[in-house]
Amino acid sequence: MTEQLFSAASEVDRAFLFILAFAVGALVLVTALMLYFSWRYHHTRNPEAVEIPGSLGLELLWTILPTAIVMAMFWFGWTSFKAMRTVPEGAMEVGVEARMWSWAFTYPGGRRSAELVVPVGGDVKLAMTSRDVIHSFYVPALRLKMDTVPGLTTTAWFNIAAPGEFDILCAEYCGLKHANMITTLRAVPEEDFRQWLAGADAASARAGELFSAYGCTACHDLGGGQGLGPPLDALGGRTGDVLLPDGGRRRITVDADYLRRAMLDPGAEIAEGYEAMMPSYQDQIPEADLEAMIRWMLTGDTAGPPPGRELAEAEGCMSCHSTDGSSIAGPSFRDLAGSVRRVRDQSGAVHEVVADDAYLGQSILDPGALVVEGETPIMPEYDYLDAEQVARLVEYIRSLGPGGGAQP
Amino acid sequence: MNDASAAPGSFWAARGLASWLFTTDHKRIGLLYLWCVLGFFIVGVVLGLLIRLELIAPGPTIMGAQTYNAMFTLHGVIMIFLVVIPSIPASFGNIILPLHLGAEDVAFPRLNMFSWWLYALGAATALAALFTGDGPPDTGWTFYVPFSAVTSTNVSVAVAAVFILGFSSILTGLNFIVTIHRLRAPGLTWTRLSLFAWALYATAWIQLLATPILGITGLLIIAERVLDMGVFDPARGGDPILYQHLFWIYSHPAVYIMVLPAMGVISDIIPVFARKAIFGYKTIAFSSLAIAFAGSLVWAHHMFVSGMSDTAVMVFSLLTFVVAIPSAVKVFNWVSTLYKGSIHMEPPLVFALGFIFLFTMGGITGLVLGAAGTDMHTHDTYFVVGHFHYVIFGGTGMGLFAAMHYWLPKVHGRMYNKRVATWAALILIVGMNGLYFPMYVMGLAGMPRRYYDYLPQYTAMHEASTVGSWVVAAGLALMFANLWRGLRSGPRVGPNPWGAATLEWTLPSPPPAHNFPAEPVVDRGPYDFRGVRADD
């Protein structure tokens, strides 16, 4: 068994071992005596039975002694439960919302995530509820489970002593994809957690931090202005001439490979009009940051996957809508935008609609208004998303093809 | 069933379907229940085998997720309401109780017939739930709200079936209580009652008092779905945890309805095959009452992580450990009866010893589940599935099989092959451990229940469990085939093939329709074997 990383769960494990020891002992004793007596007093060995109507002493013994033992079992069970339930003061509170069939975690400051990222050694309190039916938040590695109930807030807490990743499962039957409602609890060092908490939605600010952290902004401007080196924004697709060390010159189109070469081996191709004075950043920038910076320079946009994709993951859309055309529990996002759909309105009448931006947006905010024929009306309302978030999701859906129909 | 070879003048004599369907003879009613129970048991077993076959590998194997969810719901509803709850009391309780009391029949024979008709009607309604509306329910047998309030499947019809079946149980309980109080033969004092009768008595009180709560809860579920009342569904202003309390106030005592009669069977069998009185008769009799009483106070141990208060958790955990003690004491008394006995290892005793082992295997994990801290981890995992199958199948199931091997020769007047019966028992014991022990292991490792799919690390345990299910199926097939053949065409038996001392063994096998030629006068206890011998 791997080391238990949550102190209260260690108490639970100890209670379990205590109970198991006595339980197995009782089973072995009863079974052994039963089998032994059956053999020793078989009628071929013991033709005359001896009448023994009872024994008050024995009855008292095996009533009182087991009572004392099970009361101890109750006690260890209860104290370990209390340890799991007693939230320390000052714990960071994370909201948990369970729904068919995904989890949404909301952090102080409003960041939402589909995974539960927490700092190592930090007390975390979960304030949990459900959007639809009863689910149950279960982390087997931490011996932690608590139902999430619509209309109620239930709580749980933990503190993880070392980095690691743990499965979060749903433990209350909730329908079709109850077995697939799995996400991850990720304990990371505190500094990494702080960065994670601050990042990703402020992607541009993050990119700015990277260029500043690695010293690029000492010579390059991020907003189109001139400096010792070329400006770095919106470079993707731009053409220009570069001079080679052997005196030759070449026409290049700026792409990811060129930018990578420019950062790791800047002397190999000098942009025309600039001095050859940029140092190499070989082995100085982690790959993830390198990719983020390259992406920013190409698109001038966020340093991450298409913006709507992260939001779609965080809100759990992907647990019901695939991106590859397959059907999970709702229409696939692939080739959805601009397609023609048969939908049923609330009176039961059937209409044909084009899945344009307006339709997609309404499907997110009020999915029950028009239900695609053949689908069950189980999609929850996402009416708490603001207009910008809805637009981002719609843009993401459009990016999955075939496009078109982007009417206002 | 026994056709022309049945002894003339036995209760089998009257012929024709109507003489069975409209009978008021407790022995025939008991047999009608037995055949229905065994028939639905086979249906439930097939569902279980299909479930295990689906789970032999992760991902879809032989069915989709919706079908799987309906299958485990049906497996639970059929096994609990159509099989295990009526199993022993409605079958052997009906056949044997009046005989143990020296009575002609139960107190209300026509009500008894009506109770069977309610069972048949409830069963038909449950079947209707399969084939009408939006298909069989997919909520699990516990019908938790809000899921059961919002699913479009046939919840209302299934709950109506449970409501009707509940009345069959209530009326049987009422009938037995009055019978035991009022129809004991002269000399048959309370302290001379068989322990099977004591067990039926305790069970009958639970049936009478607890089942109405389930009935009312079922009506509220239907009202919520059909009339859109907000009782349990929070979207309509209701309280989902209230549902859980109401459901479990019946369904926990229900498990004692399931196990107490089986314990009564064991208490009757062991003395006969050890040739001595039970050790601690009064303790065992009293423990049945204690279990019935204390077992009514522990229901919310199914709800430790439901969101109810910590105080409630503490109270229900404490009471749960209280109810463990009388069950343990029974086990100690049974084993003590073997001490210095003169043991005849006949099939009823083999099944009874199998019960003791398997019930203990299941009961001890009840201690883990009753302790609040450890329950938090094991609740809603395969640990629970293993626990209740050990105690219900390894317990009540084996108790039913023991009762069949003990009493069916009396009912049919013929004996089955005893060696084959013993082999079947051993195969079942091995198979049940193969099927259910891996569930303990994977439950502790975090495998939740009611999962159509699972993470790859649980594959080996699931494979082992599925293979175990095939061994159990083989054992059941062997057992039923042996009983079928033996009871129809095996060697005839006299009144007392086992040398037992309770009153049914003074009558011919099969007994006459009117039971006793003259009202017996009882002057000895049920386990007093002086001068009692098995037929040669």
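The values are calculated or read from the model by the stated rules, or taken from the named source; none is laboratory data. These figures come from a predicted structure and were not determined experimentally. Backbone-built Cβ (ideal geometry, glycine too); neighbour counts: all protein chains shown.
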**Report entry** Pairs where the first residue, in region B:139-160, is within 15 Å of A:Pro377 (Cβ to Cβ) and the second is of a type in the set (Lys, Arg), C-beta under 7 Å, 6+ apart
**Finding:** B:Ala149/B:Arg225
Query raised in the report: Taking region A:159-217 on its own, how many of its residues are small (Gly, Ala, Ser) and at pLDDT below 90?
Result: 12
**Report entry** Within region B:260-299, considering residues that are at negative phi and not in a helix (DSSP H, G or I), the one farthest from the other protein chains (Cβ to nearest Cβ)
**Finding:** B:Val298
Report summary line: Matching residues in region A:147-184 (in contact with a Gly (Cβ under 9 Å, 6 or more places away or on another chain), closer than 20 Å to B:Thr381 by Cβ and surrounded by fewer than 19 Cβ atoms within 10 Å (Cβ to Cβ)) number 1
Report task. Six or more apart or on different chains, Cβ under 9 Å: which pairs go from a residue in region B:310-323 that's closer than 20 Å to B:Leu289 by Cβ to one that's of a type in the set (S, T, N, Q)? Could you list them? Result -> B:Phe321/A:Thr67; B:Val322/A:Thr67
**Report entry** Residue within region A:105-121 that is more than 14 Å from every other protein chain (Cβ to nearest Cβ), closer than 16 Å to A:Ser7 by Cβ and surrounded by fewer than 19 Cβ atoms within 10 Å (Cβ to Cβ) present
**Finding:** yes
Query raised in the report: What number of residues in region A:260-274 are farther than 16 Å from A:Leu298 by Cβ, touching a helix residue (DSSP H, G or I) at 6+ places or on another chain (Cβ under 9 Å) and of a type outside the set (A, V, I, L, M, F, W, C)?
Result: 1
Report summary line: Within region A:262-276, restricting to residues that are surrounded by 15 or more Cβ atoms within 10 Å (Cβ to Cβ) and part of a helix (DSSP H, G or I), the one that is farthest from the chain's Cα centre (by Cα) is A:Pro266
Report task. Could you list, in sequence order, all residues of region A:1-20 that are acidic (Asp, Glu) and more than 9 Å from chain B (Cβ to nearest Cβ)? Result -> A:Glu3
Requested in this report: Having 1 or more residues that are modelled with pLDDT of 80 or more and in contact with a Pro (Cβ under 6 Å, 6 or more places away or on another chain) is the bar; report the helices (runs of 4 or more DSSP H) wholly within region A:305-407 that clear it.
Outcome: A:387-399
**Report entry** Condition check for B:Gly434: assigned to a helix (DSSP H, G or I), within 14 Å of chain A (Cβ to nearest Cβ) and closer than 30 Å to B:Ala65 by Cβ
**Finding:** no
Requested in this report: Please determine, by comparing only the residues of region B:206-230 that are in contact (Cβ under 8 Å) with a residue 60 or more places away in the chain and buried (at least 20 other Cβ atoms within 10 Å of the Cβ), which one is farthest from B:His302 (Cα to Cα).
Outcome: B:Glu224
Query raised in the report: Could you say whether any residue in region A:59-71 is of a type outside the set (Val, Ile, Thr), on the phi < 0 side of the Ramachandran plot, at the interface with chain B (Cβ under 7 Å from one of its Cβ atoms) and touching a Lys or Arg at 6+ places or on another chain (Cβ under 8 Å)?
Result: no
Query raised in the report: Quick one: which of B:Ile356, B:Ile343 is within 7 Å of chain A (Cβ to nearest Cβ), aliphatic (A, V, I, L, M) and touching a strand residue (DSSP E or B) at 6+ places or on another chain (Cβ under 9 Å)?
Result: B:Ile343
Query - Selection from region A:21-52 of residues that are polar (S, T, N, Q) and facing another protein chain (nearest Cβ under 7 Å) - result: A:Thr31, A:Ser38, A:Asn46
Report summary line: Filtering helices (runs of 4 or more DSSP H) wholly in region B:124-235 for at least 2 residues that are at pLDDT below 95 and under 27 Å from the mean Cα position of the chain (by Cα) gives B:155-182, B:195-227
Report task. Please go through region A:122-157 and pick out each residue that is within 13 Å of another protein chain (Cβ to nearest Cβ) and among the charged types (D, E, K, R). Result -> A:Arg131, A:Asp132, A:Arg143, A:Lys145, A:Asp147
Query raised in the report: Which number in (1) surrounded by 23 or more Cβ atoms within 10 Å (Cβ to Cβ); (2) not in a loop (DSSP other than H, G, I, E, B) marks the one condition that B:Trp12 misses?
Result: (2)
Report task. Sort through B:Phe279, B:Phe273 and tell me the only one that's in contact with an Asp or Glu (Cβ under 8 Å, 6 or more places away or on another chain), touching a residue at least 60 places away in the same chain (Cβ under 8 Å), under 30 Å from B:Leu426 (Cα atoms) and of a type in the set (Phe, Trp, Tyr). Result -> B:Phe273
Query raised in the report: Quick one: in region B:359-380, which of the residues that are among the small types (Gly, Ala, Ser) and surrounded by 24 or more Cβ atoms within 10 Å (Cβ to Cβ) is farthest from the other protein chains (Cβ to nearest Cβ)?
Result: B:Gly370
Query raised in the report: Can you pull out the residues in region B:483-529 that are among the hydrophobic types (A, V, I, L, M, F, W, C), in a loop (DSSP other than H, G, I, E, B) and in contact (Cβ under 8 Å) with a residue 60 or more places away in the chain?
Result: B:Val493, B:Trp498, B:Ala500, B:Ala501, B:Leu507, B:Ala513, B:Phe516, B:Val521, B:Val522, B:Phe529
Query raised in the report: Can you name the residue in region B:437-460 that is touching a residue at least 24 places away in the same chain (Cβ under 8 Å) and of a type in the set (A, V, I, L, M) and, of all such residues, is farthest from the other protein chains (Cβ to nearest Cβ)?
Result: B:Met439
Query raised in the report: Taking region B:456-492 only, how many residues are in contact with a helix residue (DSSP H, G or I) (Cβ under 7 Å, 6 or more places away or on another chain) and within 13 Å of B:Asn417 (Cβ to Cβ)?
Result: 5
Requested in this report: Please go through region B:344-368 and pick out each residue that is touching a Lys or Arg at 6+ places or on another chain (Cβ under 8 Å) and not in a helix (DSSP H, G or I).
Outcome: B:His344, B:Glu346
Query raised in the report: Is it the case that region B:384-395 has a residue that's hydrophobic (A, V, I, L, M, F, W, C), over 26 Å from B:Leu260 (Cβ atoms), assigned to a helix (DSSP H, G or I) and within 14 Å of chain A (Cβ to nearest Cβ)?
Result: no
**Report entry** Test: residue in region B:96-109 that is under 23 Å from B:His252 (Cβ atoms), of a type outside the set (S, T, N, Q) and buried (at least 24 other Cβ atoms within 10 Å of the Cβ)
**Finding:** no
Query raised in the report: Do we find a residue being more than 7 Å from every other protein chain (Cβ to nearest Cβ) and buried (at least 24 other Cβ atoms within 10 Å of the Cβ) anywhere in region B:303-313?
Result: yes
Report summary line: Apart from one, (1) out of contact with any strand residue (DSSP E or B) (no Cβ under 6 Å at 6 or more places or on another chain); (2) touching a residue at least 24 places away in the same chain (Cβ under 8 Å); (3) within 20 Å of B:Trp141 (Cβ to Cβ) all hold for B:Gly264; the odd one out is (3)
